[in-house]
1. Any residue at all in region 78-90 that's open to solvent by 70 Å² or more (accessible area, probe 1.4 Å) and β-branched (Val, Ile, Thr)?
2. Among the residues of region 126-150, write down those that are assigned to a loop (DSSP other than H, G, I, E, B), of a type outside the set (D, E, K, R) and buried (at least 20 other Cβ atoms within 10 Å of the Cβ).
3. Hey, any hits in region 84-94 for a residue that's within 17 Å of Ala31 (Cα to Cα) and either small (Gly, Ala, Ser) or out of contact with any helix residue (DSSP H, G or I) (no Cβ under 6 Å at 6 or more places or on another chain) (or both)?
4. Going by the structure shown, is His104 over 10 Å from the mean Cα position of the chain (by Cα), at pLDDT below 95 and crowded, with 20+ Cβ neighbours inside 10 Å?
5. For region 51-75, enumerate the residues that are open to solvent by 10 Å² or more (accessible area, probe 1.4 Å) and either among the aliphatic types (A, V, I, L, M) or modelled with pLDDT under 95 (or both).
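The values are calculated or read from the model by the stated rules, or taken from the named source; none is laboratory data. The structure displayed is predicted, hence computed values, not measured ones. Quick reminder, even Gly has a Cβ in these numbers, built from the backbone with ideal geometry, and neighbours come from all protein chains shown. Accessible surface is based on the protein model in full, side chains and every heavy atom, while ligands, DNA and RNA are left aside. Shrake-Rupley method; radii C 1.70, N 1.55, O 1.52, S 1.80 Å.
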Amino acid sequence: EDQEDSSEEADVTEIIGDRRDRDLALFRLLANSMHERHKYWGNRTDSVMRFALGMNGLAGNPVNPMQLEAAVYMHDFAMARLPDSIIEKTEQLTPAEWGKVVSHPMWGRDLLKTLGGWDQAATIVAQHHERPDGKGYPLGLVKNEICEGAKILAICDAFFAMTNSRADRVTK
């Protein structure tokens, strides 16, 4: 009977592992489809992914690498829902436009939570624009209220933004 239990447990683990691989493939596909939409997003996810997984590894993997990978793919997924007029705007956003931008982390979080098994990734996505001083969004979290994965993603995402061109800023 013990052999049967461990066999069933192995089958469940295999199914969950397969599903997670399929989910990650879907997340990768969604992220890559965003890249095709705007010239400034070209190699963004691949670069942020390398930085994030590398930083996580150097820190001793405080974040499950698979959860971090899902978060990187999905952190700006909802930006695809924004109109081009906002994404490509070179002037300051209006309060209404900013309100739409501020809501984007929650869309990615909600998708990950709906799929199940991605709770850590969902938290990272929801918090990746939070700041230790409480001036981030969407929740205004401070310091240790922000999860380690969100801190890693925020640093990597900001580094990419500062070293690559965007509609509102061209780097040299």
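1. Yes, region 78-90 contains a residue that is open to solvent by 70 Å² or more (accessible area, probe 1.4 Å) and β-branched (Val, Ile, Thr).
2. His128, His129, Gly136, Ile146, Cys147, listed by residue number.
3. Yes, region 84-94 contains at least one residue that is within 17 Å of Ala31 (Cα to Cα) and either small (Gly, Ala, Ser) or out of contact with any helix residue (DSSP H, G or I) (no Cβ under 6 Å at 6 or more places or on another chain) (or both).
4. Judged against the criteria, His104 is a match.
5. Of everything in region 51-75, those that are open to solvent by 10 Å² or more (accessible area, probe 1.4 Å) and either among the aliphatic types (A, V, I, L, M) or modelled with pLDDT under 95 (or both) turn out to be Leu53, Met55, Leu58, Ala59, Met66, Tyr73.
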